[in-house]
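The values are calculated or read from the model by the stated rules, or taken from the named source; none is laboratory data. This is a predicted model, so every value here is computed, not measured. Virtual Cβ from ideal backbone geometry, glycine too; neighbours counted across all protein chains shown. We work out accessible area using only protein heavy atoms, side chains counted, and drop any ligands, DNA or RNA first. Shrake-Rupley method; radii C 1.70, N 1.55, O 1.52, S 1.80 Å.
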Amino acid sequence: MSESLQQLAENIWIFPRDRDANKVRPNVGIICTATQTVLIDSGNSPSHARRIQAALESIQAPPVSRIIYTHHHWDHTFGACVFGASVIAHDLCQELLTHSAAQLSKQQESAQHNPLAQAIERESTFRYILPSTTFARTMTLPLDGLTLELEHVGGVHAADSIVVRIKERGVMFLGDCYYPPPAYQQSDKRKTNWSMLASFIKEPGFEIFVDGHSNPLKGAEFLKRLSISLMARI
């Protein structure tokens with residue numbers, strides 16, 4: 001039996017994150033119209049992607065036509081090879097993924113218990129899928145009456161981070177843009193960027209915010225809690 005999608009708005013779902021943080025399986029966004037499906041990120045491995053694929057089949061979703069990478073990290077990109085779709089990402093993403101491919105063998109050899117190595121263990125179908133379309137600052141993608149607005153925002157988690165806005169539905173996908181750096185890059189001076197998150201939540205017309213590894217956020221309620229958190233840090 002396929003796992004369930006979570007619907008956020010008309011045309012928009014997520015394949016939810018795994019609540020076991022050790023599995024490093026992020027939310028995957030799904031925009032599904034009458035003629036095509038677009039994914040926001042692709043899962044952390046071919047096996048993860050096949051679970052997403054089964055969930056899409058359960059709702060009779062049209063074929064996946066495009067995948068948007070929010071950033072280059074493995075847990076957001078390693079499932080793309082399953083779908084046979086073209087990929088859109090920021091200009092830096094292609095460079096960073098090419099570098100990651102060159103480093104993959106070294107990481108597997110030097111860290112047998114690294115989650116990166118675990119993600120592709122025995123995955124004979126895995127291959128890197130580089131972006132075929134890239135952009136520098138912003139990009140607009142019309143999609144059967146919807147408009148996907150892609151914007152590069154960077155951040156300490158990943159220099160190529162983007163956000164994806166669907167204004168007609170009041171939904172914004174944030175990826176991991178406001179997160180601290182990955183654990184191997186962290187320092188005391190590089191923390192969660194709450195100010196970046198607050199700037200997105202204050203944008204008019206958006207009510208639902210989806211990041212990579214937590215439950216979708218409701219704007220007004222979360223902004224209230226966020227304000228308390230920011231004040232506590234002053």
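Computed values, structure above
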{"read-out": "Segment 142-160: number of residues that are surrounded by fewer than 17 Cβ atoms within 10 Å (Cβ to Cβ) and in contact (Cβ under 8 Å) with a residue 60 or more places away in the chain", "value": "3"}
{"read-out": "Qualifying residue in segment 74-93 (condition: open to solvent by 60 Å² or more (accessible area, probe 1.4 Å) and more than 17 Å from residue 172 (Cβ to Cβ))", "value": "yes"}
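Residue by residue, here is whether (1) closer than 21 Å to residue 214 by Cα; (2) surrounded by fewer than 24 Cβ atoms within 10 Å (Cβ to Cβ); (3) acidic (Asp, Glu) holds:
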| site | (1), (2), (3) |
| --- | --- |
| 24 | yes, yes, no |
| 27 | yes, no, no |
| 30 | yes, no, no |
| 33 | no, yes, no |
| 40 | yes, no, no |
| 54 | no, yes, no |
| 58 | no, yes, no |
| 64 | no, yes, no |
| 70 | yes, no, no |
